[in-house]
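Right, one structure below, let's go through it.
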Amino acid sequence: MEETVQFSHKSVLLDECMDGLNIRPQGIYVDGTAGGAGHSREIASRLTEGGKLIALDQDETAVQTATERLSVFGDRAVVVRSNFREVGSVCEMLGIEQIDGMLLDLGVSSYQLDTAERGFSYQADAPLDMRMDLRNPLSAYHVVNEYSEDRIKRILFEYGEERFSGRIASAILRAREQAPIKTTGELVRIVKSAIPSSARDGGHHPAKRTFQALRIEVNAELDVIEPAIRAAVSMLRPGGRVAIITFHSLEDRIVKQTFADLASGCTCPKDFPVCVCGKRPQVKVITRKPILPSKEELEENPRSRSAKLRVAEKLQ
């Protein structure tokens, strides 16, 4: 099969991720979001005989692309179609009990954004979809046309941090009473009509927050982050690391809080004479503040502007 060259995605914070993972040449690593295999290829290229990369992605096109682009590494790299929340069961299937590192790039790939028919972009008119895994029965069409007004309002407010969530939800309900909302273009027009013109003069597209919120809901993006981190940490060898790139504050907050909890020790009240909770730190946080893209990277890849990298290391 001809290589899926249309799956293009600039690997964000590539050097910083490799430094953060502190790769052991004979280690076992998981790239939980393979995408166009940019990070995966860099990890695999640093491994020697005995080392292994497991690349995961739930997007069928990403799996095809990663398989082709990692084929040069032979059995040093294996690609599995799966959500990164299943890292434990995937490793079990492969007979792997411990890993030396895991990388997650939680951003939407450039391919997904730029392929209009996937319905992720508010810049092109396409069917309302937004599914990262096309096996997912829930699409943006179902959310927009079947969820209650209150539920839509809550999603837009919580996941999109949209201050006009109530107005937009009401406008969606009015529009769908006339006919189902089928395309991204229709939804953009509805959102624009609901937001006061005085609030549409900023630098962001008026539908950006709405589309972010719908994408998060469709793909349950926030729900899988903490369980995946905990699963990865439980499998890490001492000194192994987990590195996570986030692209908005909701994701970053979950990563920061989960790392902090895993790094904390005894939670007993201070007046207890001895610890009875038995809680011990599992990791140390390597990045007290997140690592941000360099000026050079921002110039080369503007889509990296909101990226943040956090890294934690497994303790003994």
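The values are calculated or read from the model by the stated rules, or taken from the named source; none is laboratory data. Treat the numbers as computed from the prediction; the structure is a model and nothing was measured. Here the Cβ is made from the backbone with ideal geometry for all residues, glycine too, and neighbour counts use every protein chain on show. What goes into the accessible areas is simple: the full protein's heavy atoms, side chains included, and nothing from ligands, DNA or RNA. Shrake-Rupley method; radii C 1.70, N 1.55, O 1.52, S 1.80 Å.
Summary table
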quantity	calculated
Heavy-atom SASA rank of V144, V78 (probe 1.4 Å, accessible area, largest first)	V78, V144
Residues whose placed amide H lies under 5 Å from that of T287, excluding near-sequence neighbours	V311
Unsatisfied cross-links (Cα-Cα over 30 Å) in the set K52/K208; K153/K256; K153/K284; K52/K256; K208/K256	K52/K208; K153/K284
Total formal charge among the other residues, if their Cβ is under 10 angstrom from that of G32, Lys/Arg +1 and Asp/Glu -1	-3
By average C-beta atoms within 10 angstrom, highest first, the peptides 44-51, 210-217, 269-276, 154-161	210-217, 154-161, 44-51, 269-276
Accessible carbon and sulfur surface of the chain relative to its total accessible area, %, 1.4 Å	48 percent
Where N is the number of residues in the stretch 31-84, Cα Rg divided by 2.2 N^0.38 Å	0.98
Contact order normalised by residue count of the chain, Cα under 8 Å, 6+ apart, percent	17 percent
Relative contact order [Cα under 8 Å, 6+ residues apart], the stretch 178-316, whole percent	25 percent
Heavy atoms of Y122: accessible area, 1.4 Å probe, square angstrom to 10	60 Å²
Alpha carbon centroid spacing (whole Å) that separates the stretch 209-232 from the stretch 27-56	23 Å
Per residue value of the accessible surface for the stretch 67-149 (all protein chains in place, 1.4 Å probe), Å²	46 Å²
Rounded tilt (10° steps) of 208-219 against the dominant C-alpha axis of the chain	60 degrees
Long-range HN-HN contacts of G119 with modeled amide H, under 5 Å	M130
28 Å tail of the calculated P(r), the chain, as % of Cα pairs	44 percent
Among beta bridges that DSSP assigns inside the chain, antiparallel share in %, nearest 5	40 percent
The chain: calculated mean residue ellipticity at 222 nm from DSSP helix runs of at least 4, using -39500 (n - 2.57)	-11500 deg cm²/dmol
Accessible area in square angstrom per residue, the stretch 217-278, 1.4 angstrom probe	44 Å²
Backbone HN-Hα couplings from phi across the stretch 239-248 [Karplus 6.51/-1.76/1.60, Hz, Gly and Pro as x]	x, x, 10, 10, 10, 9, 9, 10, 10, 8
Burial order of peptide ranges 62-75, 301-314, 84-97 (average beta-carbon count within 10 Å, highest first)	301-314, 62-75, 84-97
